[in-house]
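Participant: Have a look at this one before I ask anything.
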Amino acid sequence: MPLVKQKLLAIAAILTTALVWGLMWYPFRALNERGVSIAQTSLLVYLIAAMLGIALFFDVYRRQLRWHPVLPLLALLFGWCNFSYTWAVSEGMVMRVLLLFYLSPLWTALFSRLLLQEKLTRTGWLLVGLSLAGCLIILYRPGLLEGAALLSQRYEWLALSGGISFALGNVLSKRARNLPVPVKSATIWFGVALMGLIALASRQQLGAVLDTSLPAWLLLALLGMTLLATSIISQHGVSLLPASQAMTLMLLELVFAALSAYWLAGERMSLQEWLGGALIAAASLLSGKMTQPVAAQEKA
């Protein structure tokens, strides 16, 4: 296939991924409003994705699957990342959740410094400041300077902790660079399913899985297949495009989420949130320039 067509397919793959994740909040919220809890949805959707993925790429897993001590930690971190995100968008403002989650480049830079010894560049420190400024602008409200809590809603804590988990998981995944991508993907899927299982078990609601209606099962299966397909095509897009271009395209997730939240849920962002979001998006866009790899530091 000509290189130009490959690049166009890669761009289409990243745009599709951004579109899917920009709209994914809606079916999760709709199922929750119809009595299928976020824990139940997370367990079933990601378990379906994992089982389909293993069946589809069985030979790949058979050849490449191997144990690594970091796998349980990746399962917990990425499991909480996805579970907390879907929990947050089920009860909070979609764009507010996404913007708090998109602070993850800030946490990635800090974890990279601690765990990978990657030094923050001058641009990196500027972007850290941009991210923090954007966060404070979004969260600011009257009374904050008099001692009011910075995060007053549960969904805000969920979004923030999800972004931190995502960042730490990415850094640990980078550290375990020899792990094949299919193995990491399956670890993530099973991790989210595990979080759903733990949440259901802690509430003594495991029996609710058996009471899931047929229409809900059909939607859950469709979501599982969508997540699997999205994971596959996003890996294709990322492998062919420069990281900066892929990140730019992925930021369209914010646009798709804002439009869908406006049309489907009547959510409107204030000028304050637009300003804070713009700073966070700018920092995310330039996040590739935040750290200096160890090898580059040694040459300096």
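The values are calculated or read from the model by the stated rules, or taken from the named source; none is laboratory data. Since this is a predicted model, take the numbers as computed values, not measurements. No Cβ is skipped: glycine too gets one built from the backbone with ideal geometry, and neighbour counts run over all protein chains shown. Please note that ligands, DNA and RNA were not included when accessible areas were found on the heavy atoms of the full protein model with its side chains. Shrake-Rupley method; radii C 1.70, N 1.55, O 1.52, S 1.80 Å.
Participant: Residue by residue through region 36-59, note down the ones that are within 18 Å of S84 (Cα to Cα) and surrounded by fewer than 22 Cβ atoms within 10 Å (Cβ to Cβ).
Facilitator: S37, L47
Participant: Here are some residues: A261, A216, A229. Which one is open to solvent by less than 30 Å² (accessible area, probe 1.4 Å) and either within 23 Å of A55 (Cβ to Cβ) or within 16 Å of the chain's Cα centre (by Cα) (or both)? Quick ask: steps written out before the conclusion?
Facilitator: On the way: A261 fails: either within 23 Å of A55 (Cβ to Cβ) or within 16 Å of the chain's Cα centre (by Cα) (or both); A229 fails: open to solvent by less than 30 Å² (accessible area, probe 1.4 Å).
Just a single option satisfies the conditions, and that option is A216.
Participant: Further question on the same structure: In region 7-27, how many are surrounded by 14 or more Cβ atoms within 10 Å (Cβ to Cβ) and either of a type in the set (A, V, I, L, M) or modelled with pLDDT under 85 (or both)?
Facilitator: Quick first cut of region 7-27, residues surrounded by 14 or more Cβ atoms within 10 Å (Cβ to Cβ) only: 7, 9-27.
Imposing the further condition that a residue be either of a type in the set (A, V, I, L, M) or modelled with pLDDT under 85 (or both) reduces the set to 7, 9-15, 18-20, 23-24.
Matching residues across region 7-27 total 13.
Participant: From (1) under 20 Å from L100 (Cβ atoms); (2) of a type in the set (K, R); (3) in a helix (DSSP H, G or I), pick out the condition that doesn't hold for R141.
Facilitator: Failed condition: (3).
Participant: Being touching a Phe, Trp or Tyr at 6+ places or on another chain (Cβ under 8 Å), aliphatic (A, V, I, L, M) and part of a helix (DSSP H, G or I): is that true of L254 here? Reasoning before the result, please.
Facilitator: On the way: touching a Phe, Trp or Tyr at 6+ places or on another chain (Cβ under 8 Å): yes; aliphatic (A, V, I, L, M): yes; part of a helix (DSSP H, G or I): yes.
So L254 fits the description; yes.
Participant: Just checking, does region 78-99 include any residue being closer than 20 Å to Y155 by Cα and in contact with a Lys or Arg (Cβ under 6 Å, 6 or more places away or on another chain)?
Facilitator: Pass one, region 78-99, residues closer than 20 Å to Y155 by Cα: 78-99.
Next, from what is left, pick out any that are in contact with a Lys or Arg (Cβ under 6 Å, 6 or more places away or on another chain): 90.
Yes, that holds for at least one residue.
Participant: While we're here: Quick test of your reading of the structure: G124 fulfils all but one of (1) open to solvent by 20 Å² or more (accessible area, probe 1.4 Å); (2) of a type in the set (G, A, S); (3) modelled with pLDDT under 85. Name the failing condition by number.
Facilitator: (1)
Participant: Only one of W157, W189 is without any contact (Cβ under 8 Å) to a residue 12 or more places away in the chain and assigned to a helix (DSSP H, G or I); which?
Facilitator: Values: W189 fails: without any contact (Cβ under 8 Å) to a residue 12 or more places away in the chain.
Testing whether each residue is without any contact (Cβ under 8 Å) to a residue 12 or more places away in the chain and assigned to a helix (DSSP H, G or I) leaves just W157.
Participant: Enumerate the pairs (first residue in region 240-260 and without any contact (Cβ under 8 Å) to a residue 60 or more places away in the chain; second residue anywhere and open to solvent by 60 Å² or more (accessible area, probe 1.4 Å) and in a helix (DSSP H, G or I)) with beta-carbon separation below 7 Å, excluding pairs fewer than 6 apart on the same chain, so at least 6 apart or on different chains.
Facilitator: Final answer for the pair search is A243/G288; S244/G288; M247/L285; M247/G288; T248/L285.
Participant: I'd like to check something: does region 57-75 contain any residue that is under 28 Å from L214 (Cα atoms), at pLDDT 90 or above and of a type outside the set (S, T, N, Q)?
Facilitator: no
Participant: Within region 92-121, take every residue that is β-branched (V, I, T) and under 17 Å from the mean Cα position of the chain (by Cα) and give me the one that is modelled with the lowest pLDDT.
Facilitator: Filtering region 92-121 for residues β-branched (V, I, T) gives 94, 97, 108, 121.
Add one more test, that the residue is under 17 Å from the mean Cα position of the chain (by Cα), and what stays is 94, 97, 108.
Details: V94: 92, V97: 91, T108: 81.
Looking at the filtered set, the residue picked out is T108.
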